[in-house]
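Some notes on the structure that comes next.
Bear in mind that the values in this text are calculations on the coordinates, not laboratory data. What you see is a predicted model, and the numbers here were worked out from it, not measured in a lab. Cβ atoms come from the backbone with ideal geometry, glycine included; neighbour counts cover every protein chain shown.
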Amino acid sequence: MPVVEFFVNVLSTPAILVGLVALLGLALQGKPVEDLIKGTLKTIVGFLVLSAGAGFLQTGSLWRDLQLCL
């Protein structure tokens, strides 16, 4: 069952799941392989950057930094 656990772990990572959806959409559009890889990686990286930015804002770090400047 390690194979099933691996797939469950991979699919429970939001960035990879969104990347797979992008891959499926690009494949259904009949895009070339280069575009499939490019689009999937851009989606995964973009989602990770967005998640990191949202996490930064949720911690209140930005508010603390603004208070230091004032």
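For segment 16-25, does any single residue satisfy the condition of being exposed (fewer than 10 other Cβ atoms within 10 Å of the Cβ) and of a type in the set (A, V, I, L, M)?
Taking every residue of segment 16-25 in turn, none turns out to be exposed (fewer than 10 other Cβ atoms within 10 Å of the Cβ) and of a type in the set (A, V, I, L, M).
Checking Ala52 against (1) surrounded by 11 or more Cβ atoms within 10 Å (Cβ to Cβ); (2) of a type outside the set (S, T, N, Q); (3) within 14 Å of the chain's Cα centre (by Cα), which test does it fail?
(1)
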